[in-house]
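The following block contains the structure, expressed as structure tokens.
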Amino acid sequence: MDNEGKIVEKLTVDLGENRYEVRVGEGLLDDAGKYLNLDRRVLVVTDDGVPAEYAERLARQCRAPEIVTLPQGEGSKSLDGLSRLLHAMKEKNFTRKDCVCAVGGGVVGDLSGFAAASYMRGVDFYNLPTTVLSCVDSSVGGKTGINFDGIKNLVGAFKQPKAVLADVGTLSTLPPRQVANGLAEAVKMALTFDEAFFSLFEKGNPEENLPEILCRSIACKIKVVEQDEKEQGLRRVLNFGHTLGHGIESLGLGLYHGECVALGMLPMCSEEVGARLRAVLKRLKLPTSLSFDREAALEAVLHDKKSVGGAVAAVFVESVGSFEIREIGEDELRKRLLSIEG
Ligand code: GLY
């Protein structure tokens, strides 16, 4: 407990000189000045889907804030979005000593981090995620970037934040479908790393255990990132469910990312694990079946940048709390896509 009696959990990402702290708890947004150096020019980046007061509450604690509000959605993760942030920093005479703060979900975080990595070859970056999805996944680990020529995350940089503040109070305004969207990534972490954690989803009410779920997911992610910051091997485990999930997502059916990951995880499990996973996804009201064009999804998977010569490195779970990464070809991908109910 480090902010006036409110519970704040602190996790450390130990990356040598890029070491940083991730705090999860109540009231962190209003206490940001205690944890972050805001006594400088601060570009506060948010989007119009995030309550405007979050960015304003942060800006009030900054000596010289500049708020940029982007249109909500993946379209902002673009050269135009990047240009807007760089332009705002240039116009306000930002120097290398100034910083960027992201207040929002994954789009805001990924774009802001890349702007921070690029401006004057790098300024400090703080991430204040306000969605379950960005708390459990994208805010930690330093992947930043934009989409380019229709390919997700094609251009970017590894830029670790200086600190992450996940204020669970900001999650209370999220619609249930958005919460479930983020929990799909938490289920992914549990399924691949931690059977005891997975049983939290099988027994308890996940929405009531959000702080614990966030911390346990982030702890799993930290373990991976500390061993493989630049995704040379182990970090690929975080793509569990994403190989087929991205293929489904690319069809533009109006599903959220986590919903596509949920569908993408099912065919990559043993029968026994698949049954347990299906039950958990149903409890979370995440999809377990879908009617979609499997050939179009396969095409998208094969065109994904992770596909080399028709083979794709995919993650499999044979028993809960463990994983295996192996290459699979087009035929097996098709077979697994076909195994999705719907
Ligand atoms: N979201 C996957 C990763 O950070 O590697």
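So which of Lys97/Lys162; Lys6/Lys97; Lys34/Lys97; Lys77/Lys97; Lys97/Lys221 end up more than 20 Å apart, counting from Cα to Cα?
In this structure, Lys6/Lys97; Lys77/Lys97; Lys97/Lys221 exceed 20 Å between Cα atoms.
Students often forget the sequence filter, so: which aspartates and glutamates lie under 13 Å Cα-Cα from Lys10 once same-chain residues fewer than 8 apart are removed?
Hits, sequence-local ones excluded: Asp2, Glu21, Glu26, Asp167, Glu212.
According to the square roots a ≥ b ≥ c of the eigenvalues of the Cα gyration tensor, what is the shape class of the range 169-262, taking rounded for a/c under 1.5, prolate for a/b larger than b/c otherwise, and oblate for the remainder?
In terms of gyration-tensor shape, oblate.
Assuming a ≥ b ≥ c are the square roots of the Cα gyration tensor eigenvalues, decide whether the range 9-166 counts as rounded (a/c under 1.5), prolate (otherwise, with a/b larger than b/c) or oblate.
rounded
How large is the translational diffusion coefficient of the chain in µm² per second when you combine the Kirkwood radius over alpha carbon pairs with Stokes-Einstein at 37 °C and 0.692 mPa s?
162
Quote the accessible area belonging to Thr95 in square angstrom, nearest 10, computed with a 1.4 Å probe and with ligands, DNA and RNA left uncounted.
60
Of Phe114, Phe198, which has the most accessible area and how do the rest follow, probe 1.4 Å?
Phe114, Phe198
Further question on the same structure: Which of the three applies to the range 185-342, rounded, prolate or oblate, going by the alpha-carbon gyration tensor with a ≥ b ≥ c and a/c under 1.5 meaning rounded?
Here the range 185-342 falls in the oblate category.
Could you work out how far apart the two model spin labels at Leu79 and Gln232 are, taking each label as a point 7 Å from the Cα in the direction of the beta carbon, and quote it in nm?
Those two pseudo-labels are separated by 3.3 nm.
Arrange the residues Leu191, Leu154 by how much accessible surface each exposes, largest first, with a 1.4 angstrom probe.
Largest to smallest exposure gives the sequence Leu154, Leu191.
Can you tell me the FRET efficiency between Glu195 and Glu332 if r is taken as the Cβ-Cβ distance and R0 is 22 Å, rounded to the nearest 0.05?
Calculated value: 0.25.
Still on this model: What is the distance in Å between the Cα centroid of the range 200-254 and that of the range 147-183?
About 12 Å separates the Cα centre of the range 200-254 from the one of the range 147-183.
What number, in percent, do you get for the relative contact order of the range 178-325 if the mean sequence gap of Cα pairs under 8 Å and at least 6 apart is divided by its residue count?
In percent, rounded to a whole number, it is 32.
Relative contact order, percent, of the chain when contacts are C-alpha pairs under 8 Å separated by at least 6 residues?
14
Another question, then. Using a 1.4 Å probe and counting only protein heavy atoms, arrange Asp331, Asp167, Asp194 so the residue with the most accessible area comes first.
Sorted descending by solvent-accessible area, the residues read Asp331, Asp194, Asp167.
Something else: Pick from Ala219, Ala166, Ala52 the residue whose mean-square fluctuation is largest in a GNM of the chain, springs joining Cα atoms under 10 Å.
Most flexible of the set in this elastic network: Ala52.
Heads up, I need the accessible area for Ser138: 1.4 angstrom probe, whole protein in place, Å², nearest 10.
Roll a 1.4 Å probe over it and Ser138 shows about 40 Å².
The values are calculated or read from the model by the stated rules, or taken from the named source; none is laboratory data. Fair warning: this is a prediction, and the values are worked out from it, not measured in the lab. Because the Cβ atoms are built from the backbone with ideal geometry, glycine has one as well, and the counts that use them run over all protein chains shown. Remember, those area values only see protein heavy atoms, side chains included, never the ligands or the DNA or RNA. Shrake-Rupley method; radii C 1.70, N 1.55, O 1.52, S 1.80 Å.
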